[in-house]
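> Take this structure, written in structure tokens, and hold onto it; I'll ask about it next.
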Amino acid sequence: MRRLPAVLACAAAASVLALAAPAQAASPHFVKTSAAGPAADGTLSVAFKVAGLGDAVTTTVTASADATAVYACRNNGGQFPSDPKKQEVSGPVSASGEFTSGRNGQITGTLTLAPPVSALECPPGQSEVLVSVVYAGVAVSEPAAGVESVAGTFPRVFFDV
């Protein structure tokens, strides 16, 4: 009869360890990352796949980069004056989103980075346009999987000013 409490205690401990094992088995990591663009509006699409999260895990994924954008004033006729007003804006850009893993413990998604915002003021009869944009140092991060760099620099020129 004295063995019964000991046997029950061992069985309870084994049950707790068995339940804890799947949580410890999760090993979040990036399977792939890539970027496409910049698109016609100057945005950069950053795609990713994270695995090893466990089933139905909700997490925040962030894409980031260093970006440089050039803006200029263009007249209503679609032309640039001989001495156009221009502004170059540089700085970090980022986009985040919440994603939930499926039954396979994976998340596949895309985040969109936008160029840095301009403060250029154009004279009457002219409007601001994005002339060019370059994204460098693109990376994707997730708290448990860490940070994964996206190889390459992503430039696009829209107008020759």
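> For Gly78, all conditions in the list (1) open to solvent by 30 Å² or more (accessible area, probe 1.4 Å); (2) in contact with a Cys (Cβ under 9 Å, 6 or more places away or on another chain) hold save one; what is the number of the exception?
Going through the list (1) open to solvent by 30 Å² or more (accessible area, probe 1.4 Å); (2) in contact with a Cys (Cβ under 9 Å, 6 or more places away or on another chain), Gly78 breaks only (2).
> Next question. Residues in the stretch 141-154 that are under 14 Å from the mean Cα position of the chain (by Cα), surrounded by 12 or more Cβ atoms within 10 Å (Cβ to Cβ) and assigned to a loop (DSSP other than H, G, I, E, B): how many?
Matching residues across the stretch 141-154 total 2.
> Sticking with this structure for a sec: Going through Val129, Val117, Val93, Val138 one at a time, which residue ends up being of a type in the set (A, V, I, L, M, F, W, C), more than 12 Å from Val61 (Cα to Cα) and either assigned to a loop (DSSP other than H, G, I, E, B) or open to solvent by 50 Å² or more (accessible area, probe 1.4 Å) (or both)?
Values: Val129 fails: either assigned to a loop (DSSP other than H, G, I, E, B) or open to solvent by 50 Å² or more (accessible area, probe 1.4 Å) (or both); Val93 fails: either assigned to a loop (DSSP other than H, G, I, E, B) or open to solvent by 50 Å² or more (accessible area, probe 1.4 Å) (or both); Val138 fails: either assigned to a loop (DSSP other than H, G, I, E, B) or open to solvent by 50 Å² or more (accessible area, probe 1.4 Å) (or both).
Of Val129, Val117, Val93, Val138, the one residue that is of a type in the set (A, V, I, L, M, F, W, C), more than 12 Å from Val61 (Cα to Cα) and either assigned to a loop (DSSP other than H, G, I, E, B) or open to solvent by 50 Å² or more (accessible area, probe 1.4 Å) (or both) is Val117.
Every residue, every condition in (1) buried (at least 18 other Cβ atoms within 10 Å of the Cβ); (2) more than 25 Å from Pro155 (Cβ to Cβ), yes or no:
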| site | (1), (2) |
| --- | --- |
| Pro38 | yes, no |
| Ser45 | no, no |
| Val89 | no, no |
| Asn104 | no, yes |
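> Show the residue pairs that are 6+ apart or on different chains and have beta-carbon atoms under 6 Å apart, the first residue being within the stretch 139-157 and in contact (Cβ under 8 Å) with a residue 12 or more places away in the chain, the second being open to solvent by 70 Å² or more (accessible area, probe 1.4 Å) and not in a loop (DSSP other than H, G, I, E, B).
Listed by first residue and then by second, the contacts come to Ala139/Val147; Ala139/Ser149; Val140/Glu148; Ser141/Val147; Ala145/His29.
> In this structure, is Val161 part of a strand (DSSP E or B) and among the aliphatic types (A, V, I, L, M)? Spell out how you get there, then give the answer.
Details: part of a strand (DSSP E or B): no; among the aliphatic types (A, V, I, L, M): yes.
For Val161, the condition - part of a strand (DSSP E or B) and among the aliphatic types (A, V, I, L, M) - is not met.
> Kindly evaluate Ala72 against the criterion of being in contact with a Pro (Cβ under 6 Å, 6 or more places away or on another chain), hydrophobic (A, V, I, L, M, F, W, C) and part of a loop (DSSP other than H, G, I, E, B). Break it down stepwise before answering.
Numbers: in contact with a Pro (Cβ under 6 Å, 6 or more places away or on another chain): yes; hydrophobic (A, V, I, L, M, F, W, C): yes; part of a loop (DSSP other than H, G, I, E, B): no.
Judged against the criteria, Ala72 is not a match.
> Same structure again: Based on this model, can you work out whether Val61 counts as under 30 Å from Ser132 (Cβ atoms) and either surrounded by 14 or more Cβ atoms within 10 Å (Cβ to Cβ) or at pLDDT 90 or above (or both)? Spell out how you get there, then give the answer.
On the way: under 30 Å from Ser132 (Cβ atoms): yes; either surrounded by 14 or more Cβ atoms within 10 Å (Cβ to Cβ) or at pLDDT 90 or above (or both): yes.
Here the answer is yes, as Val61 does meet what is asked.
> Can you go through Ser27, Ser82, Ser34 and tell me which one is hydroxyl-bearing (Ser, Thr, Tyr), assigned to a loop (DSSP other than H, G, I, E, B) and either within 22 Å of the chain's Cα centre (by Cα) or modelled with pLDDT of 95 or more (or both)?
Ser27
> Tally the residues that are of a type in the set (Val, Ile, Thr) and out of contact with any Phe, Trp or Tyr (no Cβ under 8 Å at 6 or more places or on another chain), restricting the search to the stretch 94-127.
From the stretch 94-127, those of a type in the set (Val, Ile, Thr) are 100, 107-108, 110, 112, 117; that's our starting set.
Those still in the list that are out of contact with any Phe, Trp or Tyr (no Cβ under 8 Å at 6 or more places or on another chain) too: 100, 112, 117.
The number of residues fulfilling the criteria is 3.
The values are calculated or read from the model by the stated rules, or taken from the named source; none is laboratory data. As the structure is a prediction and not an experimental result, all values here were calculated from the model. Cβ coordinates were reconstructed from backbone atoms using ideal geometry, including for glycine residues, and neighbour counts include every protein chain displayed. Surface accessibility is based on the protein's heavy atoms, side chains included, excluding ligands, DNA and RNA. Shrake-Rupley method; radii C 1.70, N 1.55, O 1.52, S 1.80 Å.
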